[in-house]
Each structure stands twice: as C-alpha cells, then as structure tokens.
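Notes follow once the structure below has been shown.
Every read-out reported here was derived from the displayed coordinates using simple, explicitly stated rules and does not represent laboratory data. In this text the structure is predicted, and so the values were computed from the model without any measurement. For neighbour counting, all protein chains shown are included, and Cβ atoms are generated from backbone atoms with ideal geometry for every residue, glycine included.
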Amino acid sequence: MARTRSKRRQQLEQLVTYPLDWVEERSGFVGAVKYFLFRKVPHDTNWFHTLGSATLTAFIVQLVTGVILAFYYKPSPNEAYDSIQMITNDLTLGWLVRGMHRWGASVFIILLFLHMGRVFLFGAYKYPRELNWLLGVLILALAMLEGFTGYLLPWDQTSYWATVVGINLNATAPFAGPFISDFLRGGQEIGTNTLSIFYSTHMLLIPGALIGLITLHIYLVIRLGVTSPPWSEHPAGEERVEVVTAKRGLVEPRPRGNGPAADEVVMRQPEP
Amino acid sequence: MADELERPEHRESEPHLPSPTIWPFAFAGAVALILLGLIVSLTITAIGVVLAVVFGFLWIRDVTRDLRGEPEPVEAPAPVVVEEEEGVESERYTRSKFLEASTLGIGAAIGGIVTVPVLGFAVLPAFVNQEYPEVDLGALDNYPEGDWVIATFTSVPEDGPVSRRTAFVRNNGLRNQVPSFTIISNRCAHLGCPTQPQGPPGEPADVETSAMPVTLTSTQPSGFGCPCHGGAYDIEGNRTAGPPVRALDRYEYSILNGSLVLGKPYSVGHVEGQGADATIFRYDEAVDPGVHVDGPEQILYPYVP
C-alpha cells in the first residue's frame, strides 16, 4: 500500500516537475524566479519593507481593472459619460471593477508616498542606490500623470472643469507653458480630440513607460539587495559568517567575532 | 599557395569559389529599372530589359570563365608592405569595423525615417492650422440696444456639444452710423472656468440662425464673477478682485446679412472707458488663461502658439 502511494506520489511530482524542467532547460526562467524569490535579505527586515511590493500590487490591480474597463468605455465626447453610467449601473459587477480602479488609483499614489517615505527614513536612497531613487521619482511623476489623465475620462462636470483648470495651470508655466497646454488639448480649445488624447495617454503611453521603469526599478532592487533598517546592529556591507546554533538548528548571520561561545555552535565557513 | 602545391589531391574537395565579379550588382540595378518602368513608363522597362540582358551575359561570362578554361585575370602583385616598427600599431579600418558602422548607420537612418514623421504627427496637429470658426449668433433684432444677452452657441457644429461656448453680448448702439457690440468671452482669465453674470438671468430662448440654433438669455449684470476661485470682473471685463491676471477675453465680430457673426477671440490687458467709446488694450490672439499679456510678468511668455 505504502509502496503504491509513493509511486503515485512520484508520478504526481513528475507531473509538476517535468514541464518546469522543460521550461528551465530551454529558458532558465525557473532558475531566475528561484533566484528572485530566494535571494538573501537582511535578517532584520520588517513590515515596512513590504511597501514596495504593496505598491507594485496596487499597480497590477490598476492594470488589470483598467484593461477590463476599456472593454466597455467609449472615449468620445458624446458617448463617454453614458458608457461610464452603463458600466456603473447596468453591467454586472461593473460598479465593483470601476470602484477598484477609481479608489485603487488613490491607494497606488498613497502607497507610492509611503514607500518613498520608508526609503527616505531608512536612508535606503544612499550609495549605491541613488539611481533607484531617481527611477522612483520618475515612476512617481508618471503615476501623477496617470491620475491627471484618468480624471478626465468620466467626462462629468467635475472631471471636465478640473481638467480645464489643470490644463490651464500647465499653460502658466514660464516659456513652455502655452505649448504644453496646446499639446494636451490637441489645439487651442478643448474639443473632440482632447478626450482621446487623454485616453490614449492614460491607457497606452504612460502605463507602457511605467512597466518599463518598474522593471528597471525591481532589477536594481535585486542587483543591489535590500537595506537593513537604521537600527540594525550590523553595519552595511559587513562580511557575515553563517553560524549554525546547535540547539535550535537555525541559520542566523551574525557579525564576525560576536557569535555565541564555541562549545555551543558549529562554525561553518561559507563555501567558496 | 605552397600548401596546394604540396597536397594537390586536396584541391578538388576544397570549396570552389567563382571568380569575383561586379556584374550581379549591375544586373540587379537593371531589374530594378524594369520594375520601375512598369510603374512609370514602358520605355524605361525596355531600357532595363536591354541592360539586364547585357549585364546578365557579362555576369555569366565571368562566372563560367573557369569552366571554359580561360585563365583568370592575373591580379597585380600586392604592393610590398613595409613592416611597421614594433610597438607602433597603425590604425586599420577593418571589415568588421566597417560592417559595425554601416549597421549602426543604416539602423539609425531607418529609425529616424520611421520616428520623425510619427513624432511630428503626435505633436504638430495641435499647433498647425488652428483656426477659430465664424459663428452666426442670429439677427441683430435679438440684441436690444444697451442690454446684455448671454449667448450660448455651438462653435463647431460637427463636433457637437463639446464645442459649446458662451459669450456675453451687449449692443452698444450706433457709433459713426455703424453698429457697435461688446462681446466678452465667459472664459475666466485665471484658469478658464466659466464666469457668470452677476445679476438675475431672464428666460432662455432658442433663436434660429443660418447654422446651429443659439440660446439667448437676457440679463442685467453688475459685473462678472467666477465660481471656481472667486475672480471678479466689472461690466467691461476688467479684473476687480481675485486671482485673474488680465481682463476677460473678447471676440471680434462682423455683421453679415443683418446677423451678428462671431469672429476669433482675442486677449485683453485692460479696458478704459465704457461701451462703444471704450479703449481696448488688446492683443492679436487669444492666449491661455493665466498667461500674462502685460506687466513685467509677460517676459515669462515670449512665445505663444
């Protein structure tokens, strides 16, 4: 009985591992994902370090809900308002997806700022991570632009006049201002093209740029590693020796020369 | 050469390259000429056919020289290269360098050819051929002398309601036997919100015109006010309070077949005097709200599209 079960188990395992091995052999993707998921981080990371992934999750929610909203939204001045009303009131669960996109936008921005605050207060923007800070600033600016362009799309009184004011605020910028406002409007006056310019910018141009920038941002996080909090006992860049405590069997990195007494532990040099 | 002499049996199995020739290029050019001629003119096709036959013959003659047993033309012996002094490497332009440069160059050219027009299309339509259409505001009888009328009109009929605009119109009566009007845009000079007349509005009435109907509402305002940020203007559109940077924009107008016809809007610094005798300190074009047209701040906006 036990033998058949283990054979069955073997078969099941193969069912999972075979396609994974197939992909890994041809692409190395599985190894890359493993490297990403099981990379080393400081042992004193805490919940504040999850704000970055939380922001990424909010962004993915915006991507998915936005793509689905685009199934039913019609970016023309004569149809936009009615299609939003239809999504909200008539279509099954449309209120939910539109609500997720609308409130999720604020969640995304709030999380961006919290993440930025964490990075600032932990000093995680310092060498060698300055470039990642700059990428983050670009992401923040583009996220704000997403908010600005998305606000017009419901095409109600609030969004229309808020966008009129927003565009004219851009016009007051010295030298380039009048050109920026004309570009945003697609001409001297808000017209039929303005809404489609905002729509295309909101759902194609900026999201594409954001996906690229976020990819670079995460690449640098993996390459440079995560910073310890400022109250960490371990100075940054310190060489660690892996220490296995005999009692608990846990692997804990400890600073060199500061570990438990020799009779309690087994020293294990890192493999070359 | 020495190798081949020592081991002649290997010669047959070695790859045998045809002798170098430039005629394939000329032949390809002739074929291109044929194809071009099919579009442009059959004369060019005929020339292309003749050239293709000639160059094709030359090509075949070159390629089959070996088979026909003709000796290959003897190349001039390579000039003896003087050995460079050791340690001094002469700069060489190798084949791989040439290929690298030409790949980059052609890639940049293709990229430019594709990108520049697309970028132009992305930006230029917002700036080129921007014109304000003329709008028929209805017969002059609808504008009693000395009274204000709120006129709401569709400036571009094809665009529909998105192009609805509002202007405040006052008939100033005759000046030098010519009717005079004051037509003020309702667009606030602060950030573009719609200003409202400060006074009770009458009943709106639709008036037929030569184009779209115009909605006219009589009113007796003491001035104009903006609901967004509290900008206030007097009856001539001069700023009296709040954040606006200049007076309200005005419209040019003309009178055609007894109808008031709206022209293009223009920006106004300020207005002195009243009604038909007012002196308007105007600018050629309508600029965006918030853009200074006078005062020291105007140096911040030297170019306005």
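The table below gives the values:
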quantity	calculated
Candidates B:VAL261, B:VAL50, B:VAL169: whichever shows maximal mean-square fluctuation once chain B is modelled as a Gaussian network with Cα springs under 10 Å	B:VAL50
Residue with peak Gaussian network fluctuation, chain B [Cα springs, cutoff 10 Å], from B:PHE127, B:PHE168, B:PHE98	B:PHE98
Straight-distance crosslink candidates among lysines, where the alpha carbon sits under 30 Å from A:LYS34 and sequence neighbours closer than 8 are dropped	A:LYS7, A:LYS126, A:LYS247
The stretch A:51-224, relative contact order [Cα under 8 Å, separation at least 6], %	25
Inter-chain shielding of A:182-190 (mean C-beta neighbours from other protein chains, 10 Å cut-off)	6
Within 10 Å of each Cβ in A:167-175, the average number of Cβ atoms from other chains	6
Gyration tensor (alpha-carbon) shape descriptor, the protein assembly as shown, a/c threshold 1.5	oblate
Chain B: relative contact order in percent, alpha carbon pairs under 8 Å with at least 6 residues between	11
Gaussian network model of chain B, springs between alpha carbon atoms under 10 Å - residue of B:SER259, B:SER218, B:SER96 with greatest fluctuation	B:SER96
Trypsin sites (Lys or Arg not before Pro), loop per DSSP, at most 14 other Cβ atoms within 10 Å - longest free stretch of chain B	B:93-305
Chain B - Rg (one decimal) and Dmax (whole number), Cα, Å	39.3, 116
Computed over the stretch A:51-224, Kirkwood Rh from alpha-carbon pairs, angstrom	17.4
Euclidean distance between Cα centres, the stretch B:157-176 to the stretch B:272-287, Å	17
Theoretical FRET efficiency, 1/(1+(r/R0)^6), r = Cβ-Cβ of A:PHE71 and A:LEU20, R0 30 Å, to 0.05	0.35
